[in-house]
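For reference, the structure discussed in these notes is given below.
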Amino acid sequence: MDKLHSLRPVLSVGGLSVSFFQHTVIHNVTMDVPKGGIAVIVGRSGSGKTTLLRAINRLNEEMPGCRTEGQVNLLLDGESVAVYPGRGERSIPVAELRRRVGMVFQTPQVFPVSVYRNLAMPLSVAMGCPRSELDDRVQDALRQADLWNEVSDRLEMPAERLSGGQQQRLCLARALALRPDMLLLDEPTASLDVRAARHVEELLMSLSERLSVIMVSHGLAQSLRLASFLAVMESGTLVRTLDEVAGMEEKDLEKMFEGAQMHP
Amino acid sequence: MKHSIPFLCFRLLTGFSAALVPTMVCVLMGYLLMRGVPVMGKELLFGSTPPLDAVFGRAPVWDGLWPACVGTFWLVVLTMLLALFPGTGCGIFLAELASPLQKKILGAAVDMLAGMPSIVMGLFGFMLILLLRHTILPDANTGLLLAAGCLALLVLPVLAASTREAMNAVPRSLRLAAAASGFSRSQALFHLFLPAAAKGILGGVVLAVGRAAEDTAVILFTGVVANAGLPAGLFGKFEALSFDIYYVSSQYQNQQELLHGFGAAALLLGISCLLLAIARLLEGSFRRKWQGKA
Amino acid sequence: MRNAVESFRPERRNGEAGLAVIHVSVALAAAGMVLLFLMVVAFALPAFLQGGGGGPFSWSWAPGKGEFGILPMVAGSVLMAVLAVVSGWTLGLCLCCWLLAPDRSGKGDVLLRNLVGGMVRVMTAIPTVVYGFAAVFLLTPVIRSGLGGSGFSWLTAAIMLSLLILPTVVLVLQAGLGPRLESVRLAGAAAGLTRLELLWYLVLPSSRSTLISAAVLGFGRAVGDTMLPLMLAGNAPVMPETLLSSLRTLTAHMALVTSNEVGGAAYDSLFMAGLFLLLINGIVSLAIRRMGGRS
C-alpha cells in the first residue's frame, strides 16, 4: 500500500492553460511531480511560474479576468483530489483546498495583527479549531518554523515589528499551523538577506521529509541546492522536467534557457 | 525664452490668486476669532446660570450657548446612530460584495445623494411630517429625531465613500494571503479587511460628524428654534449652534447678543477644524500603515 | 491527526450574521434614498401639472396677491451659481497651478506652498454658516461703503460662494492635473520648460474633462448652498439688474417660505423648488459620471 502511494505523483498537471483577460500566461503545461523532497519550478521572471503555482490552490481566481483550463490533481492525505473537477468528479470546496495546501509568498504577508493572532485567527476562523487547542497548535507551528525561541515572550507584539526573516518564518508557521498536506512557496527567500534565506532553506529541507513542498525559485544555485525534482518554465510553457539534479552544475542548467541569462 | 501674452497673464494670475485666497480667508476668519475668542468663557456658555446647575439640568440657561451645544451634541449622536450602519454597510457592500450592476446603480445613487443640496434633505423631512399629519398622525411635528434622520441621509454618502475608499486601499497582497490561508470571502472580510481598514473608516466617521454638526439648512426645516432650551426629547424642538449663529446674524437686538453670535461662530469653527484635524490624523496613520506594501 | 482536524466543523464562523447586517444596512440606505426621490417628486407633481396663472411658472412672487411664481428664483439660483463658478473656478485653477508649480525650489517656497495647500484643506471644514456670519459683518459693510447699495447683493453672496466652492475645485483639479504633470515633468525639464510652462502649454489643453468636471462640481455645490445666499444676497424675489442688486435663490426661497409658514400655494412653490434642485443635481451628477470624473 505504501509502495503504491509512493509511486503515485503528488501533483499531476494535465494540459493546464491560464489566461487573464484573453492574454495567455501559461499554455498547455503537463507534468507529474513525484512524492518526496522539494519540487522546484524555475524560470525567468514573467515565465509563468507563479501563475502555475497559484493554479494549484486556485489562487489565480482571486485576480480579475482569470480563466483556467485543464486539470490539476493533488494527492492529499493519500487520496487523489481534482482541483478543477470535471463533471461527475468529486469536488473539494475552495476554502478547504487552500487550507490543506499551505502557501507562502515572495514578500512576507503577515496579517496586521499580533504574532499570536496571525496563527490563531486562521485556525479558529477558517478552520473552526476549538479555543482550548489554540495555544498548543500555535506553539507547535512556531516550533516547526524554528521561531518559537525568538518570539515566545513577544506573542502579543504586532507581527509587523518582526524582522523580514522572522516575518517570513511566521508566514511559514501560519501555513503549517493549518497542518497542510502540501506547501506552496513562491520565491520564499527572494526578499531576505543571505543568512535569513539560508535559515528558511534549511527549514524547508527538514519540512520536506514530512510533507510535499512545491516551490518557485529565482535562483539557479538555490534550485540545485534544494530540488529533488526540477521543472523549467519559459514564456508560459514547460521546457523540461528533471527527476535528478545531483551532479549538475549551474551552467548545465543555464544551457536549458537557450543561452539566455538568469539571475544567479 | 519668449512667452505669449496669455501665458504671462496666467503666471500673474496664479500668483495673484495664491495671494488673494489665503488673505481673504485669513481676514474673514481672523476677524471672527478676534471678536469671538475674547468672549469665550463661562459666561458665553452658561450666561448667568451657575455652570454646575446648567450641566445637570437643574436650572435653565437663558443667555448662554449651553442649550445649543447640547442640542447639536444630541443631534450629532442621533445622526451617527442612524447613519453609521447604513453608511458603512453601503461602503463595504460597494467595495467588496456588489456585482458590477449593483455597483453601478448603488454607486450612482450614492454619488447623487452626495451632491444633493442639504436643503432638499430638510425639505424631505418637512414633507414627511406633512404626510404624517394628513394621514395617520395629525399631531406630528418636527423635532430632534426627524432632524437627525434627515442629517443621516446627508452624511450617508460621506460614510459610504470613505468606507469604500478605505476598503479599496486594503492591499491586494493581503487579500491573496488571506485567500491562501483558507479564509472564505466573508471570513476574510470581517476578520482581516475590516480591522485593517478601520482607521480609514473612522476618519470618514469623524468627517461625517463634522458635516452633521455644521449643517444648518436641514435643521431649518426640521424643528430647530431659537429659544427651546434643552431638547425636550426625541420629538421635541431643539436649539443648535449653527442655527444660533444664523439667527443672531439676522435678528440680533443688542451688542451682547451679537457678541454671543461671534462666540458661537468661533466655537463652531473650532469644533469643525478640530474634527478635520482628527480625521486627517486617522487617515494619515491609515495610509502610513499601508505604505511600502505592494 | 487528520481525523481530529476533520472533526472540526469546517467554516464554523462564516460571517453570515455580519453579511446579513451589511445587506440590511444597504437595504435601509437604498430605501431612504428611494423614499427621498419619490417624496420630492410626488409632492411637486400636482403643482407641476397645475399650470395656469398664479402657479409656480410665472415671473411674479406676491403671496398677498395670490401670485406664486418661482421663475425669478430659478434665474437667481442660476445667475448666482454661474457668477460664483466663474470666479471660484478661475481662482481655483490658478491657485491649483500655483500649488503644483513651485518656480523656486527653496525651502521657504516649499513651506509656503504646503501652508497654502493646508489652508485649502482647512477651508473644506469651515461651516458655511460661519462664512456667512463673518461676511455679514465684514464684507457687506465693505461693499456698501465701497460700491454702494445695501451691501446684501448678488456680488456679495457670489464672492463668498466662490470661496466656498474653491477647495472642491482645487482638490478635483489637483487630483486630475497632478499625475499628468508628473508624467511629463522629466521630459519637460530636459527641454528646459518650467512646471508652469508645462501646465499652460501641455497639461491644461489636454485635461478638458478634468477642468469641466471641476466646474460642474463647483456649480452643483454653489446651486445647492443655502446659508450664504440666504444671509448675504438680500432675498428680493426679482431679477437682479446689476451686480449690486439683491436677488433670491431657490434655496433661500425655500428657507424663507418655511420659516414664514405661509401655507397653501406657497408650499407648492416650495415643493417645486425642491424638485428643481433635485433635477439640477441629477443633471450635474450625471454629467460628472459621463466624464468619468470623481465626485
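The values are calculated or read from the model by the stated rules, or taken from the named source; none is laboratory data. Bear in mind the structure is a predicted one, so any value in this text is a computation, not a measurement. Quick reminder, even Gly has a Cβ in these numbers, built from the backbone with ideal geometry, and neighbours come from all protein chains shown. What goes into the accessible areas is simple: the full protein's heavy atoms, side chains included, and nothing from ligands, DNA or RNA. Shrake-Rupley method; radii C 1.70, N 1.55, O 1.52, S 1.80 Å.
Rounded, prolate or oblate for the protein assembly as shown? Axes are the square roots of the Cα gyration tensor eigenvalues, ordered a ≥ b ≥ c, and the cut-off for rounded is a/c under 1.5. Prolate.
Where in chain C is the longest stretch that carries no GluC sites (Glu not before Pro) classed as loop by DSSP and with at most 12 other Cβ atoms within 10 Å?
By the stated rule (loop sites, at most 12 other Cβ atoms within 10 Å), C:1-240.
In summary, the helical segments of chain C meeting the span-like criteria, namely a full DSSP H run, a Cα extent along the axis of 27 angstrom or more and a mean Kyte-Doolittle hydropathy of at least -1.0, are C:16-50, C:71-100, C:154-190, C:265-290. Spin-label pair C:ARG113-C:LEU138: with each label point 7 Å from Cα along the Cα-Cβ axis, the two points sit 2.7 nm from one another.
For the range A:36-129, the set of GluC sites (Glu not before Pro) satisfying both a DSSP loop assignment and a count of at most 14 other C-beta atoms within 10 Å is given as A:GLU89.
Note on B:THR135: accessible area approximately 90 square angstrom, rounded to 10, probe 1.4 Å, nucleic acids and ligands left out. Neighbouring Cβ atoms from other chains, within 10 Å of the Cβ of residues in A:118-128, number 6 on average.
Could you work out the relative contact order of chain C? I mean the mean sequence separation of Cα pairs under 8 Å and 6+ apart, divided by the number of residues, in percent.
So the answer I get is 26 percent.
Search the structure for amide H atoms under 5 Å from the amide H of A:VAL104, placed 1.01 Å from N in the peptide plane, and list their residues when 5 or more places away or on another chain. Those qualifying (amide H under 5 Å, at least 5 residues apart or on another chain) are A:LEU184, A:LEU185, A:ASP186.
Summarising the label geometry, the points placed 7 Å from Cα in the beta-carbon direction at A:GLU79 and B:ALA19 lie 8.1 nm from one another.
For chain C, modelled as a GNM whose springs connect Cα atoms under 10 angstrom apart, the maximal fluctuation among C:SER77, C:SER209, C:SER60 occurs at C:SER209. Shape analysis of chain C places it in the oblate category; the axes a ≥ b ≥ c from the Cα gyration tensor give an a/c of at least 1.5, with a/b not above b/c.
Looking at the protein assembly as shown, the DSSP beta bridges with both ends there are about 55 percent antiparallel.
Go through A:207-214, B:230-237, A:178-185 and give me the packing order, highest mean Cβ count within 10 Å leading. Each step should come with its number before you reach the end.
Working: A:207-214: 18.1, B:230-237: 16.1, A:178-185: 22.4.
Top of the packing list down: A:178-185, A:207-214, B:230-237.
Taking 27 Å as the cut-off for C-alpha to C-alpha distance, list the pairs among B:LYS237/C:LYS65; B:LYS42/B:LYS199; A:LYS49/B:LYS199; B:LYS42/B:LYS237 that go past it. The answer is B:LYS237/C:LYS65; B:LYS42/B:LYS199; A:LYS49/B:LYS199.
For chain B, the longest principal axis of the alpha carbon atoms and the long axis of helix B:5-36 meet at an angle near 50°. Using only Cα atoms and rounding to the nearest 10 degrees, what angle (0 to 90) does helix B:118-134 make with the longest principal axis of chain B? Helix B:118-134 sits at roughly 70 degrees to that axis.
The helix-only estimate of mean residue ellipticity at 222 nm for the protein assembly as shown, built from DSSP H runs of length n ≥ 4 each weighted as -39500 (n - 2.57), is -19500 deg cm²/dmol after division by the residue total.
Here the calculated FRET efficiency for A:THR24 and B:GLN253, from their Cβ-Cβ distance with R0 = 56 Å, stands at 0.10, rounded to the nearest 0.05. The distance between label points at A:ASP243 and B:ASN141 comes to 9.2 nm (points 7 Å beyond Cα on the Cα→Cβ vector). When only Cα pairs below 8 angstrom with a gap of at least 6 residues are kept, chain B shows a relative contact order of 26 percent.
Every pair of different Cα atoms in the range A:151-264 enters the Kirkwood calculation, which places the hydrodynamic radius at 15.8 Å. Under a 5 Å amide H cut-off, with hydrogens placed 1.01 Å from N, C:TRP61 pairs with C:GLY69 among residues at least 5 apart or on other chains. Per residue of peptide C:30-42, the mean number of Cβ atoms on other chains within 10 Å of the residue Cβ is 5.
Of all DSSP-defined beta bridges confined to chain A, some 55% are antiparallel rather than parallel.
Calculate the FRET efficiency for B:LYS104 and C:THR124 from the Cβ-Cβ distance with a Förster distance of 25 Å, rounded to the nearest 0.05.
0.35
Across peptide C:90-101, the mean count of Cβ atoms from other chains lying within 10 Å of each residue's own Cβ comes to 5. Here the calculated FRET efficiency for A:ARG8 and A:ARG67, from their Cβ-Cβ distance with R0 = 25 Å, stands at 0.30, rounded to the nearest 0.05. Rounded, prolate or oblate for chain B? Axes are the square roots of the Cα gyration tensor eigenvalues, ordered a ≥ b ≥ c, and the cut-off for rounded is a/c under 1.5. It comes out oblate by the Cα gyration axes. Applying the Karplus relation 6.51 cos²θ - 1.76 cosθ + 1.60 with θ = phi - 60° to the range B:169-179 yields 3J(HN,Hα) values of 7, 5, x, 4, 4, 5, 5, 5, 4, 5, 4 Hz, where x marks Gly and Pro.
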